[in-house]
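The values are calculated or read from the model by the stated rules, or taken from the named source; none is laboratory data. Here the structure is a predicted model, which means the values were calculated and not measured. Positions of Cβ are backbone-derived with ideal geometry, glycine not excepted, and every protein chain shown enters the neighbour counts.
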Amino acid sequence: MQSHWYESFFQGLSVELWEAVTTPEMTLTEVNFFEQALTPSAGARILDIPCGGGRHAIEFARRGYRMTGLDISSEFLAIAEQNAASEGLHVQWIQGNMLSPPAGPFDAAYCYGNSFGYLPHRDTVAFLSGIGRCVRPGGRFLLETGTAAETILPTLQPYGDYTVQGIRMETRRDYRFEDSMIQSVYTFTRGGQVESHQLEQAVYTTGEICRMLGAAGFSIAALYSGTDGAPLKLGTSRRLLVVAERTP
């Protein structure tokens, strides 16, 4: 599989399905948590990377924050631009690779939506280093993933099937032990339309993620299992949320 699979994954039915499953209520709950975890001051400059369709950045902009959203998908960015413009909100939208975050300093940043682990290991380290350079000392970074080893391996299923608004998504997964990688094939169908994409995502332990953040210049402020602020529990937690603070 090509290591840059994410350059072509987010288009067509995959984007439509993602937009269909994310509700305004979800966005409000998540941004409320982000705001509490990141502790930004009024009017703070915040980076959403990658931003997808921009729902979080737009909600932050409604609250008066200066937002920048970066994503590689032109289809996601078109949605983001249209939705922000419809409300007269200013957000700086950038099409680009998360390996190249925009110049800071940002007061806070977040990576949400299970995007962590999309990159080869060397690039993952480079991504975190880039975030460390663009977040100011004392600023915070929120990292979320659904593929931390402690959260995904106990319940990893080789097959999944999900349908929303007439779009069916079938997922077939295989775990590669030699490099701790989940290799998946996603097939999206709607009527006679069929789109298939491969996806590869690295599995790291929570400790590995915390150590990589430390090497990028962050200290760990908190670990959670969800936006309700619940603590991590082995065998029951399904996600990992790390709140980290940029050290001086």
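Given the options E35, E59, E25, E75, name the one that is in contact with a Ser or Thr (Cβ under 8 Å, 6 or more places away or on another chain), acidic (D, E) and modelled with pLDDT of 95 or more.
E59
When the range 1-15 is examined, which residues are found to be part of a loop (DSSP other than H, G, I, E, B) and hydrophobic (A, V, I, L, M, F, W, C)?
The answer is M1, W5, F10.
Which of the residues that make up the range 166-189 are outside any strand (DSSP E or B) and either under 11 Å from L13 (Cα atoms) or within 20 Å of the chain's Cα centre (by Cα) (or both)?
Those that are outside any strand (DSSP E or B) and either under 11 Å from L13 (Cα atoms) or within 20 Å of the chain's Cα centre (by Cα) (or both): G166, S180.
So, in the range 131-158, how many residues would count as being surrounded by fewer than 19 Cβ atoms within 10 Å (Cβ to Cβ) and either of a type in the set (F, W, Y) or within 16 Å of the chain's Cα centre (by Cα) (or both)?
So the count comes out to 1.
For residues in the range 204-216 being of a type in the set (G, A, S) and in contact with a Leu (Cβ under 9 Å, 6 or more places away or on another chain), which is nearest to N32 (Cα to Cα)?
Ranking the qualifying residues of the range 204-216, first place goes to A216.
Test of understanding: among L142, L240, which residue is in contact with a Ser or Thr (Cβ under 9 Å, 6 or more places away or on another chain) and among the aliphatic types (A, V, I, L, M)?
It is L240.
Could you tell me which residue of the range 60-87 is surrounded by the most Cβ atoms within 10 Å (Cβ to Cβ), considering only residues that are free of Cβ contacts under 8 Å to residues at least 12 places away in the same chain and over 24 Å from N32 (Cβ atoms)?
Ranking the qualifying residues of the range 60-87, first place goes to A78.
This table checks each residue for (1) out of contact with any Phe, Trp or Tyr (no Cβ under 8 Å at 6 or more places or on another chain); (2) closer than 15 Å to I46 by Cβ; (3) not assigned by TED's automatic domain parsing to the domain that holds G54.
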{"position": "G69", "(1), (2), (3)": "no, yes, no"}
{"position": "S73", "(1), (2), (3)": "no, no, no"}
{"position": "L77", "(1), (2), (3)": "no, no, no"}
{"position": "Q82", "(1), (2), (3)": "yes, no, no"}
{"position": "S86", "(1), (2), (3)": "yes, no, no"}
{"position": "W93", "(1), (2), (3)": "yes, yes, no"}
{"position": "P102", "(1), (2), (3)": "yes, yes, no"}
{"position": "Y110", "(1), (2), (3)": "no, yes, no"}
{"position": "F116", "(1), (2), (3)": "yes, no, no"}
